[in-house]
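Each value in this text was obtained by applying a stated rule to the coordinates, not by laboratory testing. As the structure is a prediction and not an experimental result, all values here were calculated from the model. Here the Cβ is made from the backbone with ideal geometry for all residues, glycine too, and neighbour counts use every protein chain on show.
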Amino acid sequence: MHVNNVTGPLGLVGYALDALRQAVHGMQASRLMLVQYESLVENPGMVLNEIYKFIGQDAFQHDFDNVHQEAVSYDEKMGAPGLHSVLMVCMAMCKLRWEVFARIKPDQPPFCAKHGCKPT
């Protein structure tokens, strides 16, 4: 993949970054709420409640233990099958945590209570 396909003004990242710049500095900036991905993954209930407050809506009780999401055709089109798989994202985050955690406390292997993921 050519670098401009990713970072150029019409690229996957470049286009999104340009749109974000326009939103942050645009006339409707007060209607923009930025959510940190890690916060959403770590504490979705709290983040969604903040979003509901921001948009002036009553909170909805979500079942975070029963999440199903499919983006198979999009992921395949992007050449990244499984990219948006909820479990794969958790496992990738867990793997990153394990690598960091192992450097800090090598005698205590981490464990993902959500899915039972363990380092391999």
(message) If R₀ is 35 angstrom, what is the calculated FRET efficiency for the pair VAL13 and ASP58, using the beta carbon separation as r and rounding to 0.05?
(response) 0.50
(request) For MET33 and LEU20, compute 0.36 nm times the residue count separating them, minus their Cα-Cα distance, and round to one decimal in nm. (result) 3.6 nm
